[in-house]
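To start, the structure under review is shown below, and the notes come after it.
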Amino acid sequence: VQKRLGLKELESKIVTAEEAAALISNGDVVGMSGFTRAGDAKVVPMALVERAKNEEFKIDVYTGASLGPEVDKYLAEAGAIRKRGPFQGDAGIRNLINSGDVLYVDAHLSHNAELVRQGIIGPIKYLILEAVAITEDGLIIPTNSVGNSPIFAEYAENIIIELNISHPEALIGIHDIYVPGEQGKREAIPMTDAMQRIGDIGIKVDPAKIKAIVISEEPDAPSLIVPPDEETQTMANILLDFFSNEIKAGRLTKQLMPLQSGVGSVANAVLDGFADSEFEDLIVASEVLQDAVFNLIDAGKVKFAAATSITLTEELQQKVYGNLEKYADKICLRPQEISNHPELIRRLGLISINTALELDIYGNVNSTHVSGTRMMNGIGGSGDFARNARLGIFVTKSYAKGGAISSIVPMVSHVDHTEHDVDVIVTEQGIADLRGLAPKERVPLIIENCAHPDYKEQLWDYYNRAVEATGSHQTPHLLEEALSWHVNLAKNKTMKKEVSNA
Ligand code: 0RQ
């Protein structure tokens with residue numbers, strides 16, 4: 001502990017998790033570290049769970065992104081969360097959001113910092129921040145994620161540190177903390193290459209704000225990623241072929257452009273696919289570094305990887321955290337405001353790959369709402385990247401729930417990514433390159449290349465009747481029928497038309 005606590009004057013602040021949790025009041029707005037189950041505060045939230053069992057206690061919780069079970073399951077299920085933002089991915093809190101027990105503000109991840117600056121999120125009474133060390137010069141070194149912690153630390157009235165001594169000291173030096181100033185007086189972000197470091201190795205805070213330090217040894221919850229199946233592998237292969245064709249067309253080189261990929265098994269399978277490919281000297285400029293990135297560093301394919309969090313399965317946690325020195329000069333963790341910044345995504349020319357729940361025949365994408373009303377996880381960073389990337393790619397299987405649901409529908413039941421933000425769509429059936437195409441040019445590509453064979457005829461039938469009814473408007477729709485597939489699903493448990501006619 002002594003080694004990790006460079007500022008000796010803070011030794012007197014060491015308390016138990018219960019004592020730290022007692023500082024927080026019912027009704028407080030609380031910021032917490034953590035992004036995709038990495039680097040989250042764990043022991044103080046569990047002490048808050050105990051408090052919530054015995055007293056009226058509800059707080060608003062803002063984080064980087066999704067947290068592990070301590071907050072997004074146990075604290076939520078204890079009834080202690082009034083409002084949550086900006087992202088979650090746990091069935092525990094998801095159910096409470098969809099039963100109306102938790103309010104959820106699902107926001108672009110790059111936007112939060114500006115909302116904190118403007119006082120829309122706040123006043124933040126406490127930040128609970130997991131750290132691997134506090135340096136002699138008072139820099140707080142985060143653990144496996146940075147997320148929104150720098151901006152929370154700047155604006156929070158008080159800070160509780162969870163000093164997690166189970167994380168390796170080799171994390172010190174991996175972070176690159178740069179916080180833009182006030183809008184209107186702000187300089188350009190000084191990054192013209194994704195491998196550049198532009199900030200400090202830790203978060204600068206006024207030590208007087210640190211009200212408690214709790215020593216923790218709780219590891220991060222491992223990532224829940226499932227290994228590739230035949231279909232995710234097919235999607236990965238289709239994408240790799242697409243990139244090869246882009247090289248032939250002279251639009252990309254073997255180095256491609258910096259890659260962003262969402263969380264999940266398709267994203268991981270695509271990256272795994274680079275291992276035996278022609279591509280080389282790849283740079284990852286993403287949100288989350290998953291298992292595949294470290295395998296590609298080992299294989300000599302990826303020369304640098306930056307993100308705002310590292311989320312690994314148990315197997316990879318052991319391999320990477322036991323050998324972090326080996327990766328230290330090849331990885332970098334930044335605030336999410338920087339990893340997801342539109343200015344940088346556009347300047348660096350990212351290729352972004354994210355996942356859709358459903359998409360429509362014109363290329364609008366729903367990534368968040370099951371059947372238009374039920375929240376799944378949230379938009380996360382997918383919108384930050386899709387709109388600003390050089391190449392915005394969406395992947396999804398063409399069907400869900402054993403074929404009862406077509407992921408390609410006449411009109412999406414909720415829009416996260418509009419037709420203007422979607423360049424390329426990939427399913428296990430094939431690929432639709434929508435760049436430069438008008439809505440009616442996109443339809444045949446999406447139906448013929450991407451839809452499941454069971455639904456192609458039904459999609460053509462809808463489209464042809466819509467063209468006829470509107471006299472071929474810019475974007476033909478039968479408004480009274482556009483959401484009928486979802487209605488059919490709700491009534492008959494399938495989107496297949498025969499059943500709705502029965
Ligand atoms: O449910 O497991 O109960 O069967 O949705 O679907 O196919 O396993 O896909 O795990 O990759 O998640 C969009 C949710 C996809 C995710 C989403 C059902 C399906 C299954 C999951 P079951 P899959 P994935 C980086 C960028 C938004 C945020 C984002 C996500 C479950 O990728 O949250 O991209 N993305 N962030 O059966 C009803 C449909 C369905 C459907 C699938 N059309 N209708 N249910 N399912 N399609 C990360 C961050 O920003 C932090």
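In nm, to one decimal, how far is the residue 50 label point from the residue 3 one, both placed 7 Å along Cα→Cβ?
Rounded to a tenth, the inter-label distance reads 2.9 nm.
Multiplying the sequence separation of residue 420 and residue 18 by 0.36 nm and subtracting their Cα-Cα distance, what value in nm do you get?
139.7 nm
Please say if the chain is rounded, prolate or oblate, where rounded means a/c under 1.5 for a ≥ b ≥ c the square roots of the C-alpha gyration tensor eigenvalues, and otherwise the choice is prolate for a/b larger than b/c and oblate otherwise?
prolate
Rounded, prolate or oblate for the stretch 422-502? Axes are the square roots of the Cα gyration tensor eigenvalues, ordered a ≥ b ≥ c, and the cut-off for rounded is a/c under 1.5.
Here the stretch 422-502 falls in the oblate category.
With a cut-off of 8 Å between alpha carbons and a minimum separation of six or more residues, what is the relative contact order of the stretch 100-190 in percent?
Relative contact order for the stretch 100-190 comes out at 29 percent.
If I model a spin label as a point 7 Å beyond the Cα along the Cα-Cβ vector, how far apart are those points for residue 242 and residue 441 in nm?
Computed distance between label sites residue 242 and residue 441 equals 1.7 nm.
Mind checking the stretch 113-196 for GluC sites (Glu not before Pro) that DSSP puts in a loop (not H, G, I, E or B) and that have at most 10 other Cβ atoms within 10 Å? Could you put the intermediate results ahead of the total?
On the way: sites: 114, 130, 136, 154, 157, 162, 169, 182, 187; in loops: 136, 157, 182, 187.
Taking the stretch 113-196 and a limit of 10 other Cβ atoms within 10 Å, the loop GluC sites (Glu not before Pro) found are 136, 182, 187.
Given charges of +1 on the Cβ of Lys and Arg and -1 on the Cβ of Asp and Glu, with all other atoms neutral, how large is the dipole of the stretch 279-358 about its Cα centre, in debye to the nearest 20? Working shown, then result.
Numbers: 8 positive and 12 negative charges, 54 e Å.
It comes to approximately 260 debye.
Assuming a ≥ b ≥ c are the square roots of the Cα gyration tensor eigenvalues, decide whether the stretch 190-316 counts as rounded (a/c under 1.5), prolate (otherwise, with a/b larger than b/c) or oblate. If you can, show how the numbers build up before the last one.
Numbers: a/c = 3.05, a/b = 1.58, b/c = 1.93.
Since a/c reaches 1.5 but b/c is at least a/b, the shape of the stretch 190-316 is classed as oblate.
Can you tell me the FRET efficiency between residue 390 and residue 299 if r is taken as the Cβ-Cβ distance and R0 is 25 Å, rounded to the nearest 0.05?
With a Förster radius of 25 Å, E is 0.50.
What full-extension length gain, to one decimal in nm, is calculated for residue 491 and residue 211 as 0.36 nm per residue of separation minus the Cα-Cα distance?
95.3 nm
With each pseudo-label sitting 7 Å past Cα toward Cβ, what's the residue 347-residue 95 distance in nm, one decimal?
Modelled inter-label distance: 4.6 nm.
In debye to the nearest 20, how big a dipole does the stretch 141-230 give about its Cα centre with +1 on each Lys and Arg Cβ and -1 on each Asp and Glu Cβ?
So the magnitude is around 480 debye.
Normalised by the number of residues in the chain, what is the relative contact order in percent for Cα pairs under 8 Å and 6+ residues apart?
13 percent
Once Rh for the stretch 49-99 is found with the Kirkwood sum over Cα pairs, what is the Stokes-Einstein diffusion coefficient at 10 °C and 1.306 mPa s, in µm²/s?
Rounded, D is 147 µm²/s.
About the Cα centre, and with charges only on the beta carbon of Lys, Arg (+1) and Asp, Glu (-1), how big is the dipole of the chain? Nearest 20 debye, please. Before the final figure, lay out each step's value.
Values: 47 positive and 70 negative charges, 132 e Å.
Dipole magnitude for the chain comes out near 640 debye.
No lab work stands behind these numbers, since they all come straight from the coordinates. Every value quoted in this text rests on a predicted model; they were computed, and no experiment measured them. Every residue, glycine among them, receives a Cβ derived from its backbone with ideal geometry; neighbour counts consider all protein chains shown.
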